[in-house]
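What follows is calculated from the coordinates using simple rules that are stated; it is not laboratory data. Everything quoted here is computed from the prediction, not taken from an experiment. Using ideal geometry, Cβ is built from the backbone for each residue, glycine included, and neighbour counts are taken over all protein chains shown.
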């Protein structure tokens, strides 16, 4: 039988999915124990025990200097920035994407501008943001918004333009005004696609968040890993990276679930 | 309940002439079937009647008034596909026209006015044979049921003219026969003037009061661009079909 026609069963799928994770962990711990056998003070590949110790210190004990639990306060600081930025991005993109997709005038006015703006490397704007908005929260949120907004706008514009022409005509023959078409036909059909778009932008959003925190910040997950980098504290960095990954993964899963629950009709439309 | 007049209408795309010298009078309450080979401008004709496209020359009059250059609630339409909204349930699809009509800002009816519209919609759904499917989404309906829904949705808004763009072309023969019966009944019960584009001749002769054929008179390759299609046959159906009196 051809390789392309062999479909793994339920159990096989599970095993296959787990395999890369297991292999990675195995490779890590083999390397770690080899290095530690040679030099018990090695910091590059810390053992599980020292990472557990570090997590315990960071996540379950109050920091003497600040009086707070560091991992918790870092997480809250980062998530706050990220969620604010994504809320701004998605709401602005929703309005602009629908306007550009539905109104030829708005398209002529904004489409070229958004096309150019989306090509500006956001990180190159970071110094300008720091200069203009200071080193506080605003510049970090602004970076994430600038980094994600143009892509979401372009994606939503395309999704609006992809709606069948027949639907827009049909709505007009039912007497709909432009506003009503936007509200009752376009918006509800764009929302599930916005979730798709948002899921794809989660990666860039985290990237810009960590970058902004690494360069100038006094809290946050990105701040912490770049801070402890000075002491080669891999036992803190690795758990933090895993934690960040887990947070991003959970956000993605939550969005997917939200899409399925809120828009039960969408799966069959997408399948077409 | 509207007479339509085409007054020497031409449609050109750049140098390419699609339709030429279309002069037609459609009586109020007529059921017109437009037939012709593919690419003869049937759909272009319908799009002009919808207001989606404007004629290059000549004008289209409805009850003596020039047609508005955009679609409106006077002209309902059923396309072959994408006629119903996938994000609305069957009931919501039928309600939509009424909601758009009476709720300009939020596009939704609430309370007593909603209940009244729901009652109306349920009656209409029963009439087109979709009772019991109210809460389903269109994707879970068969093709024939989707077209019944599209008809109900268009009729709910009370258009004067109903435009049909190969509405039953994708349906199985048995289902098509059923929906023909429904279509005839709707035409009798409402005051619609119907214009239907079809490539199915038997359908045209079974439903219409008048069958109009479009054809290109000149078909040599070097002539194709510069000569459009025009009315080549205009057949009244005998014995005369007369809509039920109101």
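With angles folded into 0 to 90 degrees, how steeply does helix B:111-127 sit against the dominant principal axis of chain B? Use alpha carbons for both and round to 10. Roughly 60 degrees between the two axes.
Rounded to the nearest 5, what % of the DSSP beta bridges within the protein assembly as shown are antiparallel ones? DSSP beta bridges in the protein assembly as shown are roughly 55 percent antiparallel. Within 10 Å of the Cβ of each residue in B:83-91, the mean number of Cβ atoms contributed by other protein chains is 5. Packing-based ranking of A:78-84, A:119-125 yields A:78-84, A:119-125, ordered from highest to lowest mean Cβ neighbour count within 10 Å. Once the Cα-Cα distance is subtracted from the 0.36 nm per residue extended length, the residue A:246 to residue A:41 segment shows a gain of 70.9 nm. Mean per-residue shielding of peptide B:92-101 is 4, counting Cβ atoms of other chains within 10 Å of each Cβ. Remark: the residue A:13-residue A:207 segment gains 66.8 nm on full extension, using 0.36 nm per residue and subtracting the alpha carbon distance. Applying 1/(1 + (r/R0)^6) with r as the Cβ-Cβ distance of residue A:131 and residue A:177 and R0 = 56 angstrom yields a FRET efficiency of 0.80. What number does the range B:136-216 give for Rg over Rh if you use C-alpha atoms and the Kirkwood radius? Rounded to two decimals, Rg/Rh equals 0.96. Working note: Cα atoms of chain B, range along each principal axis, descending, whole Å: 61, 41, 36.
Assuming R0 = 25 Å, what is the FRET efficiency of residue A:53 and residue A:84, from their Cβ-Cβ distance, to the nearest 0.05? So the FRET efficiency works out to roughly 0.15. Which one of A:154, A:224, A:35 has the biggest mean-square fluctuation once chain A is modelled by GNM with Cα springs under 10 Å? Maximum fluctuation in the GNM of chain A, among the listed residues, is at A:35. Computed from the C-beta positions of residue B:65 and residue A:255 and an R0 of 60 Å, the FRET efficiency is 0.75 to the nearest 0.05. Here the Kirkwood formula puts the hydrodynamic radius of the range A:74-166 at 14.2 Å, using every distinct Cα pair.
Can you work out the base-10 log of I(q)/I(0) for the protein assembly as shown at q = 0.08 1/Å, using the Debye formula on its C-alpha atoms alone? Each listed q maps to, in turn, -0.71. Multiplying the residue separation of residue A:64 and residue A:200 by 0.36 nm and subtracting their alpha-carbon distance yields 45.0 nm. To the nearest ten degrees, helix B:173-189 and the longest principal axis of the Cα atoms of chain B are 80 degrees apart. In chain A, the longest principal axis of the Cα atoms and the axis of helix A:48-60 are about 60 degrees apart.
Sequence gap at least 6, Cα distance under 8 Å: using those rules, report the relative contact order of chain A to the nearest whole percent.
Working: 230 pairs, mean separation 60.9, N = 272.
Dividing the mean separation by the residue count of chain A yields 22 percent.
Taking chain A as a Gaussian network of alpha-carbon nodes connected by springs under 10 Å, the highest mean-square fluctuation of the residues A:195, A:128, A:144 belongs to A:128. Normalised by the number of residues in chain B, the mean separation of alpha-carbon contacts (under 8 Å, six or more apart) gives a relative contact order of 30 percent. Using all pairs of distinct alpha-carbon atoms, the Kirkwood hydrodynamic radius of chain A works out to 22.0 angstrom.
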